[in-house]
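Accompanying notes for the structure given below.
The values are calculated or read from the model by the stated rules, or taken from the named source; none is laboratory data. Owing to the predicted nature of the structure, the values given are computational and were not obtained by experimental measurement. With ideal geometry, Cβ positions are generated from the backbone for all residues, glycine too; neighbour counts draw on all protein chains shown.
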Amino acid sequence: MLLDKFNYAFKSLIHSHIRTILTILGVVVGIASIVILLSVSLGVNNSIENELNKFGANNAVVIPISPLKASNLDSPFEMDSKIAESKLSNPSFDPSGTRISAKLSTSDIQRIKSVSGVKSVSGVIAVSNARVKYRLEEFKISIYGIDPYVFKTYYPNIELAEGRLLQNSDSKNVVIGYNIAKEIYERQIDVGSTIKINNQSFTVVGTLEKEGGQVNSDNNIFIPYDEARSLSTKLDKNEVSVIYFIIQDGFSVKEVQENVETALRNSRGVKKGKEDFTIATADSAKESVQTILGYVTMFLGTVAAISLVVGGIGIMNAMYMSITERTYEIGVLKSIGVKKNDILHLFLIESGLIGLVGGLIAIVISTVLIFIINIFAGDFLQLLLTWELVLGALLFSFILGLISGYVPSRKAAELDVLDALGRK
């Protein structure tokens, strides 16, 4: 019986194929917009997770900020967005490009060490726009000085291409990122080569594999902590650019982060909400970015929903026209004993099929567009089209058809048989 209803509804749609096609197009635009939007959202979220995973789930970084800037932010949300933006722009949070007036020192490192749940702490010296010369070419490059003993700990995703990592006994040795070694200079820099940083000679002992993505070490040079301090002309004697610390397994990352914040506030003599520093973890940065992404998705979703409303109105209009044209046919069906519910089902199936077919076409178009976008986007952003999204879109489009066609279908089912037969 149900199969017969589907067969009847399908033949009716084929009979009015021009109107059916035009109605389906409205559904296609709405569903395709939603699918592509959600694919972008899933892709961005996946990209964010991949980038933040490079930072390490238990890793945290203390960044100095201007107290004035912090107090001028309009809301905690805006402050979180600034933190997330700072974190995503550079894995080492190069402070020199952000007009930071506050400072971190070695005493802050000792204070963090005393907090329960903190496994290890290390300061990083950032030398922005250092003059790096290889042969006759010179470029301004970011230099990062870190304790060689904890180098791999704080940069867990770094992999060597050649040579070795820094060691505590190193003097005038450096490890360079992939782009520094392979792409920036006309001639590649190999292990054993000599480069000059601010007119001081250093030997390359290791080159790194390419990381890619937005957060990476491809354009960085790493040197021992003390030698980075000697290169810096902007930092005071006991000052550090940022502080990395690792939270022990078994401790709550958020709880330890809050305890560290309290300890630093007490030692630096600042009140809550007036901090001249901020602490970023993978979770906090992810939460901030996802909040921003949620607002953007909501806005774009509202725009896409307008297309769906237009598609739904199109289905409703097409069904009203169909019922008007087939009033006599409905009267005949009723006169031979077809029940109201059966007539309701016939027209609901028609409207549902319009939505379903529109959804199928939208999925095909969306898949092609997503494939093309991913080719041109490369590693920057990959849109994701999951089976859950596909099935959800098809189900949603079918339900859209049912909802849009319910009122016209109910009207058809309620027609008086004599009145319907008299409208031939």
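So residue 338 clears everything in (1) surrounded by 20 or more Cβ atoms within 10 Å (Cβ to Cβ); (2) outside any helix (DSSP H, G or I) except one condition, right? Which one?
Looking at each condition in turn, residue 338 falls short on (1).
Name the residue, out of 385, 356, 348, 389, that is out of contact with any strand residue (DSSP E or B) (no Cβ under 9 Å at 6 or more places or on another chain), farther than 30 Å from residue 43 by Cβ and surrounded by 13 or more Cβ atoms within 10 Å (Cβ to Cβ).
It is 348.
Give 54, 11, 69 a once-over and let me know the one that is assigned to a helix (DSSP H, G or I), at pLDDT below 85 and closer than 25 Å to residue 118 by Cβ.
54
Considering only the stretch 173-191, state which residues are touching a residue at least 24 places away in the same chain (Cβ under 8 Å) and surrounded by fewer than 14 Cβ atoms within 10 Å (Cβ to Cβ).
186, 187, 190 - these are the residues of the stretch 173-191 that are touching a residue at least 24 places away in the same chain (Cβ under 8 Å) and surrounded by fewer than 14 Cβ atoms within 10 Å (Cβ to Cβ).
Just to be sure, is residue 135 in contact (Cβ under 8 Å) with a residue 12 or more places away in the chain and under 20 Å from residue 239 (Cβ atoms)?
Answer is no for this residue.
May I ask you to verify whether residue 376 is in contact with a helix residue (DSSP H, G or I) (Cβ under 7 Å, 6 or more places away or on another chain), within 30 Å of residue 44 (Cα to Cα) and free of Cβ contacts under 8 Å to residues at least 60 places away in the same chain?
no
Please go through the stretch 243-276 and give me each residue that is surrounded by 20 or more Cβ atoms within 10 Å (Cβ to Cβ) and in contact with a Pro (Cβ under 7 Å, 6 or more places away or on another chain), ordered by number.
276 - this is the single residue of the stretch 243-276 that is surrounded by 20 or more Cβ atoms within 10 Å (Cβ to Cβ) and in contact with a Pro (Cβ under 7 Å, 6 or more places away or on another chain).
Residues checked against (1) modelled with pLDDT under 90; (2) basic (Lys, Arg); (3) in the same structural domain as residue 129 (by TED's automatic domain parsing):
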residue: 164; (1), (2), (3): no, yes, yes
residue: 171; (1), (2), (3): yes, no, yes
residue: 174; (1), (2), (3): no, no, yes
residue: 191; (1), (2), (3): no, no, yes
residue: 211; (1), (2), (3): yes, no, yes
residue: 217; (1), (2), (3): yes, no, yes
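Scan the stretch 237-252 and report the pairs whose first residue is on the phi > 0 side of the Ramachandran plot and whose second residue is in a loop (DSSP other than H, G, I, E, B) and surrounded by 15 or more Cβ atoms within 10 Å (Cβ to Cβ), with Cβ atoms within less than 8 Å and a gap of 6+ or a chain change.
none
I'd like to know if the stretch 327-349 contains one or more residues that are of a type in the set (Ser, Thr, Tyr), in contact with a Phe, Trp or Tyr (Cβ under 8 Å, 6 or more places away or on another chain), closer than 27 Å to residue 408 by Cα and in the same structural domain as residue 391 (by TED's automatic domain parsing).
No; the residues of the stretch 327-349 include none that is of a type in the set (Ser, Thr, Tyr), in contact with a Phe, Trp or Tyr (Cβ under 8 Å, 6 or more places away or on another chain), closer than 27 Å to residue 408 by Cα and in the same structural domain as residue 391 (by TED's automatic domain parsing).
So, of the residues in the stretch 375-414 that are under 25 Å from the mean Cα position of the chain (by Cα), of a type outside the set (A, V, I, L, M) and assigned to a helix (DSSP H, G or I), which turns out to be nearest to residue 323 (Cα to Cα)?
Checking each candidate, the answer is 396.
May I ask you to list the residues in the stretch 253-291 that are at positive phi and at pLDDT 85 or above?
Passing the criteria: only 269.
Out of (1) surrounded by fewer than 13 Cβ atoms within 10 Å (Cβ to Cβ); (2) modelled with pLDDT under 85, what's the single condition that is false for residue 409?
The number of the failed condition is (1).
Suppose we filter 322, 307, 335 for residues that are under 20 Å from residue 396 (Cα atoms) and of a type in the set (S, T, N, Q); which single one remains?
When all the criteria are applied, what remains is 307.
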